[in-house]
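First the structure, in the form of structure tokens, and then the observations on it.
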Protein chains: 2
Amino acid sequence: MSVRFTGFETYDVRFPTSRERDGSDAMNPDPDYSAAYVILRTDDPAGHAGHGFAFTIGRGNDVQVAGIAALAPYVVGRTVAEVCDDMGGFFGLLTHDSQLRWLGPEKGVMQMAVAAVVNAAWDLAAKRAGLPLWKLLADLSPEAIVALVDFRYLSDALTPDEALDILRRNAGTRAQRETEIRATGFPAYTTSAGWLGYDDEKIRARVRSALADGFDHIKLKVGKDLEDDVRRCRIARSEMGAGPKLMVDANQTWDRDSAIAAIRRLAEFDLFWVEEPTSPDDVLAHAAIAHAVAPIKVATGEHAANRVTFKQLLQARAIGFAQIDAVRSGGVNDTIATMLLAAKFGVPVCPHAGGVGLCELVQHLAIFDYIAIGANLENRVLEFVDHLHEHFVDPVRVERAHYQVPLGPGFSSAMHAESIAAYTFPGGPAWREVSSPPLVGATAHATAAS
Amino acid sequence: MSVRFTGFETYDVRFPTSRERDGSDAMNPDPDYSAAYVILRTDDPAGHAGHGFAFTIGRGNDVQVAGIAALAPYVVGRTVAEVCDDMGGFFGLLTHDSQLRWLGPEKGVMQMAVAAVVNAAWDLAAKRAGLPLWKLLADLSPEAIVALVDFRYLSDALTPDEALDILRRNAGTRAQRETEIRATGFPAYTTSAGWLGYDDEKIRARVRSALADGFDHIKLKVGKDLEDDVRRCRIARSEMGAGPKLMVDANQTWDRDSAIAAIRRLAEFDLFWVEEPTSPDDVLAHAAIAHAVAPIKVATGEHAANRVTFKQLLQARAIGFAQIDAVRSGGVNDTIATMLLAAKFGVPVCPHAGGVGLCELVQHLAIFDYIAIGANLENRVLEFVDHLHEHFVDPVRVERAHYQVPLGPGFSSAMHAESIAAYTFPGGPAWREVSSPPLVGATAHATAAS
């Protein structure tokens, strides 16, 4: 008998992070980092299950769970082989359901739901292969990688043949890069020094600590008050000296012209990039900002809805860094499309991480990109936030500011069952202790489809 | 005592329209037209309630209901006055919840949820005033209209002062246009002639019937097979003769270059517009298509996520018609932003309708646009699909191809209680009779928040 998917469990997991202002920025003053979590159960005698999640910041995590649950009928009852051996087809099946598509298309809650389920299937595929996900992907042929990508709406920027060319060009030297990255790890930068809710002395102490830990790329949150931003950048730069790179992240708070004015004001601090200066949908404004503030480069992508948004940002020369996200834009498959587009346009991929489990996921994608697609470490850094990793079965290991290559089978996406139970909202013990619950009293949601 | 919101009821209402292939197009072969429906209850002695909905096409309507339900805490317990007397503030409150915002931002399920709730509040506001919504809006001062708009991310294209200028320029002649539109009605076009699932003879008969009913704008679905499209356009044009306008709608099926090639092939049929040629997110591709196929004009907007997408389409000269939707992009408030942008750029607004109740809603917006913003009927036509109107308390009245101005108080958004009960999914009697249920077995969801 073929191994089949037998269950589709969802969980509303939330961490009360807003109490410490960790993760605070100009747009998100009090996030409760959350995971709309899914487990794909199988009748595999080895007990393999696929774990995935969408990341949210609190209220609405129940809506995200409902979005994921709507995809259960595409999983339960199917054989594991028909899904895991044709992940391009599986992605297309979820993305192009003609009725569900109306809820996006390919954006927002349903796009993140697709990402969660696709990534869970990838976790299972890697466990079946006994490999970390990055290695499973890095061992695929150029043709097999191209088959993972949905080229709809991409043909004006990237054809399957061009994608094949990129992959074949790098195929002969993959082993060399794999050996190197196993030895050195992937370079990380830290965002933990400069959350917007931190006071000046906390920033100063955190910057010192980050430098002592070996980080030479440090990011600050900006965008609420320009004079505050200037003062905070001055503190960071005075601690850092001239060498290390300083990035700032405005989290979408500016309009086009206020972004240009603010970035010019902050230019004295020698910025490596300016992140999310304005609306993530605004390709034209990003292009105008990038043109106006050059040589400072614009970075964005954590809220880019899909590969079509990334395509346009690249076509318009609007970004100098493509910040892929593992769970926003359709999961592994859509992210590979973006990595191929970025390679075509010569733009480095610097993934977004932090949140809940985003570091765990995106390390696999960054390493795969380096081995098979981007093939370069110049100007590549992967975000690191030292937060909530203890809830994961196979947490990231960052040493001397480098992600150490994950070696366990899977996508590092599995959370401890105890953490899921403790932080299930609103019934878990961690939430019963909270005196001031969040505004919206949503209900926990755990279904086992049959 | 102030009148307060006392309840927030949601309903998963679905109509099994896929059985007749009504509504079928190249992207949506078998829609089950559905409404994620919300009723805002109050303790008003007059019994006023606000009705609103998001339109979906079947599977996932339960996800949309969950998105709407997540907004209940922003309504229940508030006074009706604090919401209805500051609808700009209410829209901002729903749109900028810092945690819910992560699920978009301003796109997909949560954006449509905001639209449903905002529109329900507008329905209530109009009922309190004893006016149809279009009249409530058309009687507002230019300053009050500008206060409804969220100008975030718009300042590079439209400032509040520019919006005021547009509104003041037309303020003195509003009464004249109101008198005129009450007499003539608003011009309609029909989509009912050319659903993709119809065979040639059905198209021919429907086109004849539409012409006999007085329609001089007729739209066909295209995009699945170009030779089929040519044949169907030839049938329609041969029935129509040279005078009436023919539009085609590809429902996002083409990539940039295939769109250009297909539109050039169809140009011989003298197209008034080509609708949704490619991804609704692809501003740059729309601009390239518009440039390549001129003087044929591109129309899009029913899937434009928000005012930022419309802004870019206008800035890039990518559209010749702005197809606002009443429930996709943030409801009345965000749509007013788009109508002001369209007026600034001199592009006619031709709303998307059809679906469930979209005709009922958008007639109010088109009439308001004509009276206060666009102030012109040239090249303005409002979509009409003669479908499902019998489920509404105050259905549209289209006579001789013109929407007759609605006169009842409210937004014409209320569905008959009997229809809601009959078509609630999956428990309603209309669904219990269906032999082949849709793929996803979602659960009905009706909550009364307290």
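Here are some notes:
- Equivalent ellipsoid dimensions for the range B:125-271 as semi-axes, Å, which come from the Cα gyration tensor, largest first: 39, 22, 14
- Note on the range B:329-432: semi-axes of the ellipsoid equivalent to its C-alpha gyration tensor, largest first and rounded to whole Å, are 29, 15, 12.
- At least 30 Å along the helix axis (C-alpha) and Kyte average at least -0.5, DSSP helices within chain A: A:108-129
- Other copies of A:D386: label-to-label distances in nm, shortest first, labels 7 Å along the beta-carbon direction: 7.1
- Peptide A:282-289, shielding by other chains (average Cβ, 10 Å cutoff): 5
- Per-residue mean of C-beta atoms belonging to partner chains within 10 Å, peptide A:90-103: 6
- Percent of Cα-Cα distances greater than 26 Å, calculated over chain A: 54
- Whole-percent pair-distance distribution, where bins are 10 Å wide, for the alpha carbons of the range B:279-327: 30, 58, 11, 0
- Residue of A:P277, A:P395, A:P29 that the Gaussian network model of chain A assigns the largest fluctuation, springs spanning Cα pairs under 10 Å: A:P29
- Estimated from the Cβ-Cβ distance and a Förster radius of 35 angstrom, the FRET efficiency linking A:E268 and A:A212 is about 0.85.
- Pseudo-label separations to other copies for A:E180 - Cα-to-Cβ vector, 7 Å, nm: 7.0
- Between B:S192 and B:D386, the built amide H atoms are under 5 Å apart, and every one of these is 5 or more places off in sequence or on another chain.
- Label-point distances for B:A417 to the equivalent site in the other copies, using a point 7 angstrom along Cα→C-beta, read 4.8 nm when ranked shortest first.
- Other protein chain C-beta atoms within 10 Å of residue C-beta, averaged over B:273-279: 2.
- Ranked by how many other beta carbons lie within 10 Å on average, peptides A:40-53, B:103-116 from highest: B:103-116, A:40-53
- Charge dipole of the protein assembly as shown about the Cα centre (unit charges at C-beta), most positive-ward option of B:W102, A:A421, B:P426: B:W102
- Taking the Cα atoms of the range B:213-339, the ratio Rg/Rh between the radius of gyration and the Kirkwood radius comes to 0.98.
- Rg to Rh quotient for the protein assembly as shown, alpha carbon positions, Kirkwood Rh: 0.96
- Stokes-Einstein diffusion coefficient of the range B:30-123, Kirkwood radius over Cα pairs, 4 °C, 1.567 mPa s, in µm²/s: 95
- Hull-based mean projected area of the range A:164-403, where the convex hull spans the alpha carbons, in square nanometres: 12.3
- Where labels lie 7 Å past Cα in the beta-carbon direction, separation of A:V393 and A:E378 in nm: 4.1
- Among residues of chain B, the one whose Cβ lies closest to the rotation axis carrying chain B onto chain A, together with that distance rounded to whole Å, is B:G108, 1.
- Model label points for A:R169 and A:R432, set 7 angstrom from Cα along the Cα-to-Cβ axis, are 5.9 nm apart.
- Spin-label pair A:D43-A:R400: with each label point 7 Å from Cα along the Cα-Cβ axis, the two points sit 5.1 nm from one another.
Bear in mind that the values in this text are calculations on the coordinates, not laboratory data. Being a predicted model, the structure only gives us computed values, none of them experimental. Please note: Cβ atoms are built from the backbone with ideal geometry, for glycine as well, and neighbour counts cover all protein chains shown.
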